[in-house]
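Here is the structure we will look at, set down as structure tokens.
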Amino acid sequence: MMQVNWLNVSVPQSFIWTIAIYPGLGSSPLGEPAADQEKLDPNTYFHENNLLSILTTLFMAGTDTTSSTIRWAITFMVLKPEIQKRVHDEIDKVIGSAVPRIDHRKDMPYTNAIIHETQRFANILPMNLPRETTRDVFFQGYNIPKGTYIIPLLESVLHDETQFEKPRSFYPEHFLDSEGQFVKRFAFMPFSAGRRVCVGETLAKMELFLFFTSLMQKFTFRPSPEINEFHAKRATGLAIPPISQKICCVSRI
Ligand code: HEM
């Protein structure tokens, strides 16, 4: 409650604040009559069980996915030193020694293409998330009864040969036009699509750009001399990372 002295209580300060503190102050964020007792009822939105559940979901959905993608990006840089060099060149030209910012992205089509191609090719959530129909559905000639489990395989779009020239290769040109400018692809759906699309998509895209460029700005990645052959093999997990392999991070500074 210390915060209340200096916060403007009519302006929600954060998600946690909105659910955990605001309703107790006298009115809900929606301007409805407040309810301290609402916070005590486990069936209401403002109960702390709900807050805990939402935050756990955000952490679970938001950490492994992003870190697995970064691990794939580094793996591809180790395997493709000529591509790594082009990313380094673009970082040196656009960012230099500054701290990477999200507004650098629009001037970095090659790096942006690498991140998109990493997500497309690595396909870290091939089984997506299972969903269930809430009513009978007729879709593309099929009757799908209410209560059917649906597992939309993202590979069917991410590796679709009618959509990508070289679906089974790491090929950044999938996201570049003939002028070297970044191009969006309709079939790029690592975050799925529709009403249940990943709620963290925008945050994840910002994180991927900032983490990847920060790492690449500071290091050159090479296979460790201790290992004979470096692979892009899939490990297991919900968000599938590459297998663990030793690499050398050579400082560029
Ligand atoms: C590279 C990073 C990420 C990828 C590839 C990814 C991908 C996905 C996919 C495919 C889904 C399922 C969508 C569907 O069922 O159709 C999903 C759901 C979800 N994602 Fe992400 N995600 C990423 C990062 C994040 C981040 C950073 C957050 C939040 C901090 C997040 C939060 C969620 C949540 C809460 C759901 C469940 C949404 C729902 O059930 O309606 N994700 N994500």
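Couple of notes before you dig in:
- Residue in segment 138-153 that is surrounded by 14 or more Cβ atoms within 10 Å (Cβ to Cβ) and either among the basic types (Lys, Arg) or under 26 Å from Ala235 (Cβ atoms) (or both) present: yes
- Helices (runs of 4 or more DSSP H) contained in segment 1-120 and holding at least 3 residues away from the ligand (no atom under 16 Å from the Cβ), on the phi < 0 side of the Ramachandran plot and at pLDDT 75 or above: 48-79, 81-94
- Here Ala239, Ala187 are screened, and the one residue that is under 25 Å from Pro167 (Cα atoms), in a loop (DSSP other than H, G, I, E, B) and more than 10 Å from the ligand (Cβ to nearest atom) is Ala187.
- Evaluation of Ile151 against the conditions (1) closer than 24 Å to Thr57 by Cβ; (2) in contact (Cβ under 8 Å) with a residue 60 or more places away in the chain shows that the sole unmet condition is (2).
- Number of the condition not met by Gly194 [criteria: (1) crowded, with 17+ Cβ neighbours inside 10 Å; (2) outside any strand (DSSP E or B)]: (1)
Results for (1) within 19 Å of Arg105 (Cβ to Cβ); (2) under 17 Å from the mean Cα position of the chain (by Cα); (3) modelled with pLDDT under 95, shown as yes or no for each residue.
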position: Val137; (1), (2), (3): no, no, no
position: Ile150; (1), (2), (3): no, no, yes
position: Val157; (1), (2), (3): no, no, no
position: Thr162; (1), (2), (3): no, no, no
position: Lys166; (1), (2), (3): no, no, no
position: Lys184; (1), (2), (3): yes, yes, no
position: Glu201; (1), (2), (3): yes, yes, no
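- Taken as a whole, the structure leaves Leu176 outside the set of residues that are within 16 Å of the ligand (Cβ to nearest atom) and not polar (S, T, N, Q).
- Test: Ile74 is closer than 25 Å to Ala232 by Cα, in contact with a strand residue (DSSP E or B) (Cβ under 6 Å, 6 or more places away or on another chain) and hydrophobic (A, V, I, L, M, F, W, C): yes
- Matching entry among Thr213, Thr220, Thr202, Thr236 (being more than 30 Å from Thr57 (Cα to Cα) and of a type in the set (Val, Ile, Thr)): Thr220
- Some residue of segment 202-218 being outside any helix (DSSP H, G or I), surrounded by fewer than 17 Cβ atoms within 10 Å (Cβ to Cβ) and more than 16 Å from the ligand (Cβ to nearest atom): no
- Subset of segment 157-184 (residues that are assigned to a loop (DSSP other than H, G, I, E, B) and either in contact (Cβ under 8 Å) with a residue 40 or more places away in the chain or basic (Lys, Arg) (or both)): Phe164, Lys166, Arg168, Ser169, Phe170, Tyr171, Gly180, Gln181, Lys184
The values are calculated or read from the model by the stated rules, or taken from the named source; none is laboratory data. This is a predicted model, so every value here is computed, not measured. Glycine also receives a Cβ, built like all others from the backbone with ideal geometry; neighbour counts cover every protein chain displayed.
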